[in-house]
1. Please work out if residue 71 is at pLDDT 90 or above and either assigned to a loop (DSSP other than H, G, I, E, B) or small (Gly, Ala, Ser) (or both).
2. Of everything in the range 68-90 that's over 31 Å from the mean Cα position of the chain (by Cα) and of a type in the set (A, V, I, L, M, F, W, C), which residue is surrounded by the fewest Cβ atoms within 10 Å (Cβ to Cβ)?
Amino acid sequence: MSAMHEVISAFLDDEPFDPGDLARALDDPAGRTLLIDSITLRRIVQPTDSIPPMKAPAPVRRFGWRAVAAAAMFVVALTGGYLVGERRSIAPAPAPEAEAPPPTRVVQAVPFTPAGGGR
């Protein structure tokens, strides 16, 4: 009896089966009853509406080598800018007690008069 169940179940599930075994199972009235009961049960259990297809999950974007390279370049540029700024700020400032050099030329200021005469 279990061989009859297996061959009828394989037939309904679209699995490979021996056609001779199926013919012997359907020759028996109990086999035909089992086939009809199985088909009826499947029709009751399976939904009549079509099942909507599953959405494919969005591809996971991995943190690739390009992002790592961009972050490394940013760190190098930031560090380089900091070091150059430090080096320039270390330059010696003029001493506060030093005097200005003597002038090489003296410019005389001329009083301003507006165009059109002075009222």
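The values are calculated or read from the model by the stated rules, or taken from the named source; none is laboratory data. Keep in mind that this is a model prediction, so the values were computed, not measured. Every residue, glycine as well, gets a Cβ built from its backbone with ideal geometry; the counts of neighbours run over all protein chains shown.
1. Details: at pLDDT 90 or above: yes; either assigned to a loop (DSSP other than H, G, I, E, B) or small (Gly, Ala, Ser) (or both): yes.
The answer is yes for residue 71.
2. Start the filter on the range 68-90 by keeping residues that are over 31 Å from the mean Cα position of the chain (by Cα), which leaves 80-90.
Subsequent filtering for residues that are of a type in the set (A, V, I, L, M, F, W, C) retains 83-84, 90.
Details: 83: 10, 84: 10, 90: 8.
Among those that are over 31 Å from the mean Cα position of the chain (by Cα) and of a type in the set (A, V, I, L, M, F, W, C), it is 90.
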